[in-house]
Amino acid sequence: MPKSLCHIDPIMLSQFIDGEVRPDEAERIRKHLSDCPDCRKAVNDNQLLSSCFKNYINLNTSRINPSAFETNVLAKIDQKNEIIRDKIKRLLFSKKILVPVTAMASVVFLLLYFSYRFTFLNSDGPIRRFPVQTSVATAPSAIIDSFSGETTAVMIMQTPNSHETILWYNEKV
Amino acid sequence: MKKFKIKIVLTIGKTLLLLASFSIMMTAISQASQFDISVTTILASHGKNGVDSRIGRQIKELQAAFRYSSYRLVNKTHKRLVPGQTGKAPLPGGRVLAITPLGVAGNRAKLKLAVFKNGQPTFQTIIQLLNRGRIIVGGPQHSGGVIIFIISNSF
């Protein structure tokens, strides 16, 4: 039987190192390793590589301080937010914006106020103009909410032209 | 100096805003605070007296609505009332018209009208009359004709 044929499959050997083979397989490999120096060397090399890799990972992760990392990240976020807030403040409260906006708001408000004042109010006093003229043409001049009394008949009519309400009643004699 | 100018502009703006708000508020309050009410009393009949020239433009509406041949002005009464206050207007035949403004509903004055005859109430109604609008109330018989009273208001 040639020597190479008795070697263990490298994948199987790797699984053996990681403890991922069945117990009977592990026993068989242990027996083989006691007789085969090549396979034993392969196992040792593999274990050495694995331990080096683990040491490297452990060394690098031990250098990371999680709380300091979190603090740094939050500080950077705060710094960025502060910059944005500063920019917004500078934009809103700069005289280039504030003065024209205030002036424009005052002018718009005055225009609205005076248009209201001269459109709806008479110069003699607070007497509305437009609502009456428009309403008279479309709506009855008066709405009768209720009536009562000693009457024999009550009629509600409108004048034909200006829609003025007529309330007609006959007194009891 | 620049900051001082900005402060002045802001102060002027705020003052104008306050003044305008105050003025609008006072106007709104004064609108509902008093009612100018006029009552024109007319005696309409089928007589031969024709039309009383003192009635004025209102006669056209009356003639369009009624078929009386004679319209005689009996009296005109004007009252300036506050809400809840009652004003009285004399009507023919020992009658009295009592008007009480109750308030404002939109663009209408809410009025309570009551007609008394010899001190006894004969007819009562609550109406919503347009601002600067008129209502024609009529029907009571008197001296062979009918009494018509035209109520107008502004607030």
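The values are calculated or read from the model by the stated rules, or taken from the named source; none is laboratory data. Please read these numbers as outputs of a predicted model, since none were measured by experiment. Positions of Cβ are generated from backbone atoms using ideal geometry, with glycine treated the same way; all protein chains shown enter the neighbour counts. Side chains included, ligands, DNA and RNA excluded: accessible areas come from the protein's heavy atoms. Shrake-Rupley method; radii C 1.70, N 1.55, O 1.52, S 1.80 Å.
Using Cα positions and a limit of under 27 Å, work out the lysines in reach of B:LYS76, with same-chain residues fewer than 8 apart set aside. Candidates past the 8-residue exclusion: A:LYS172, B:LYS48, B:LYS60, B:LYS88, B:LYS110, B:LYS112, B:LYS117. Largest accessible area first, the listed residues B:ASP52, A:ASP45 line up as A:ASP45, B:ASP52 when surface is computed with a 1.4 Å probe on the assembled protein chains. For the protein assembly as shown, carbon and sulfur atoms together expose 60% of the accessible surface, with a 1.4 angstrom probe and every protein chain in place. Annotation: B:LYS5 carries an accessible surface of approximately 120 Å², with a 1.4 Å probe and no ligand, DNA or RNA atoms counted. Sorted into 5 angstrom bins from 0, the C-alpha pair distances of segment A:1-103 split as 2, 10, 11, 11, 7, 6, 6, 5, 5, 5, 5, 5, 4, 4, 4, 4, 3, 2, 1, 0, 0 percent. Per residue of A:146-153, other chain Cβ atoms within 10 Å of the residue Cβ number 5 on average. Quick check on segment A:10-62: what does the Kirkwood estimate of hydrodynamic radius come out to from the alpha carbon pairs, in Å? Across segment A:10-62, the inverse of the average 1/r is 12.0 Å. Surface listing: B:HIS142, B:HIS46, A:HIS32 arranged by accessible area from highest to lowest gives B:HIS46, B:HIS142, A:HIS32, probe 1.4 Å.
Surface calculation, 1.4 Å probe, protein heavy atoms: B:LEU91 sits at approximately 10 Å² accessible. Sorting A:ARG28, B:ARG95 by solvent-accessible area of protein heavy atoms yields A:ARG28, B:ARG95, largest first, with a 1.4 Å probe. Taking each pair of different alpha-carbon atoms in the protein assembly as shown once, compute 1/r for the pair, average those values, and report the inverse of that mean as the Kirkwood hydrodynamic radius in Å to one decimal. That comes to 29.0 Å for the protein assembly as shown.
Need the C-alpha centroid separation for segment B:42-121 versus segment A:12-54, integer Å. Result: 120 Å between the Cα centres. Rg and Dmax, both from the Cα atoms of segment B:12-105 and both in Å, are 20.5, 69. A Cβ-based charge dipole, computed about the Cα centre of segment A:10-62 with Lys and Arg at +1 and Asp and Glu at -1, lands at about 120 debye. Quick check on the protein assembly as shown: helices-only [θ] at 222 nm, where DSSP H runs of length 4 and up contribute -39,500 (n - 2.57) each and the sum goes over total residues. Nearest 500, please. Mean residue ellipticity, 222 nm, calculated: -15500 deg cm²/dmol. Across chain B, C-alpha contacts under 8 Å between residues 6 or more apart give a mean separation that, scaled by the residue count, equals a relative contact order of 23 percent.
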